[in-house]
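The values are calculated or read from the model by the stated rules, or taken from the named source; none is laboratory data. On a predicted model such as this, the values are computed, not experimentally measured, just so you know. Cβ placement follows ideal geometry from the backbone for every residue including glycine, while neighbour counts extend to all protein chains displayed. The area values use the complete protein model at the heavy-atom level, side chains included, leaving out ligands, DNA and RNA. Shrake-Rupley method; radii C 1.70, N 1.55, O 1.52, S 1.80 Å.
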Amino acid sequence: MMTRQFTPAAHPCVSAIPAFDDNYIWLLRKPGSPCVAVVDPGDADAVDAALQRDGLTLTSILLTHHHRDHVGGVEALRARYAPKVFGPRHETIDGIDQRCIEGDEVLLPELELALRVIDVPGHTGGHISYFAQTFGADPRPLLFCGDTLFAGGCGRIFEGTPPQMLASLDKLAALPPETLVFCAHEYTLSNLKFAAAVEPSCDDVLARLAEVASQREIGEATVPSAIGIELRTNPFLRSRDGAVIASAAQRLGRAPTSSVETFAAIREWKNVFR
Ligand code: ZN
Ligand code: FE
């Protein structure tokens with residue numbers, strides 16, 4: 001793989017199991033151990049095939065929110081591997097052993113991995129993210145954020161409100177810029193097309209759009225991203241930026257009165273953008 005400006009080098013202990021049309025189920029593995037964790041296993045068969053192929057055993061599952069494409073495989077994987085299942089306290093999901101909220105620590109001793117839970121309501125009412133300071137020999141922090149922050153975009157606001165979603169994204173934006181962002185979908189190309197409509201004169205956005213387009217042409221994953229890359233190119237982290245405010249004003253027909261109003265206008269625009 002050639003060096004990309006907007007896709008950080010892969011993490012040696014994290015790999016993607018593609019599922020459905022555009023989901024990524026993240027597989028966490030410490031070299032030398034057969035024990036693995038998966039994040040948001042919507043499809044048990046996809047996970048099973050990856051485990052069988054490499055002779056691995058599933059010891060933990062991390063869930064970010066209750067949508068079917070993220071939890072659909074839990075029941076079958078529980079029956080097959082009896083992993084410990086972590087998930088959001090404030091959502092109704094069957095089969096969770098440890099129900100987590102902001103500030104909780106998730107300890108995966110088999111992987112020598114500790115993650116901190118961050119509440120990120122908005123896409124769903126009780127959506128959580130998992131943040132790790134480091135994993136294995138790679139010094140970079142890691143974030144598993146489900147459908148809250150995407151590469152170049154953010155999740156739809158299904159159960160929460162724009163102020164909630166913006167506050168959730170602000171928390172993630174405050175993480176160290178080198179933090180790797182493992183989101184749950186390959187939506188980056190359509191997100192960047194929209195970002196280029198919001199900020200048509202932003203060089204970073206245009207350069208990232210070109211890079212992502214060429215990556216997708218050869219079937220390359222554009223995830224993980226990094227917080228620093230998102231701060232430069234993701235319109236949903238840039239609702240205090242002049243160009244984003246100007247685009248929101250154009251949509252609203254007047255100047256937005258707050259960053260929440262800017263964010264909400266941009267999010268609504270994205271819902272109808274083709
Ligand atoms: Zn979702
Ligand atoms: Fe999803």
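Scanning the range 43-75 for residues that are away from ligand 1 (no atom under 14 Å from the Cβ), free of Cβ contacts under 8 Å to residues at least 60 places away in the same chain and among the hydrophobic types (A, V, I, L, M, F, W, C) yields 44, 46, 47, 49, 50, 51, 56, 58, 61, 74. Return a yes/no flag: does the range 154-168 have any residue that is within 13 Å of ligand 2 (Cβ to nearest atom) and either at pLDDT below 95 or part of a strand (DSSP E or B) (or both). Checking the range 154-168: at least one residue is within 13 Å of ligand 2 (Cβ to nearest atom) and either at pLDDT below 95 or part of a strand (DSSP E or B) (or both). All of (1) open to solvent by 40 Å² or more (accessible area, probe 1.4 Å); (2) among the charged types (D, E, K, R); (3) more than 16 Å from ligand 2 (Cβ to nearest atom); (4) touching a residue at least 24 places away in the same chain (Cβ under 8 Å) hold for residue 78 with one exception: (4). Taking the range 177-198 as the range and being more than 16 Å from ligand 2 (Cβ to nearest atom), out of contact with any helix residue (DSSP H, G or I) (no Cβ under 7 Å at 6 or more places or on another chain) and not in a helix (DSSP H, G or I) as the test, only 180 passes.
Against the list (1) touching a Ser or Thr at 6+ places or on another chain (Cβ under 9 Å); (2) open to solvent by 10 Å² or more (accessible area, probe 1.4 Å); (3) within 16 Å of ligand 1 (Cβ to nearest atom); (4) of a type in the set (D, E, K, R), the condition residue 40 fails is (2).
Among the residues making up the range 114-128, those that are assigned to a strand (DSSP E or B) and within 16 Å of residue 93 (Cβ to Cβ) are 117, 119, 128. Among the residues here, residue 89 does not qualify as within 28 Å of residue 122 (Cα to Cα), within 16 Å of ligand 1 (Cβ to nearest atom) and of a type in the set (D, E, K, R).
Of all residues in the range 195-208, those that are closer than 11 Å to residue 243 by Cβ have Cβ atoms under 6 Å from Cβ atoms of residues that are among the charged types (D, E, K, R), 6 or more apart or on another chain, in 205/199. Entry remark, the range 132-168: residues being away from ligand 1 (no atom under 16 Å from the Cβ) and open to solvent by less than 10 Å² (accessible area, probe 1.4 Å) number 7 in total.
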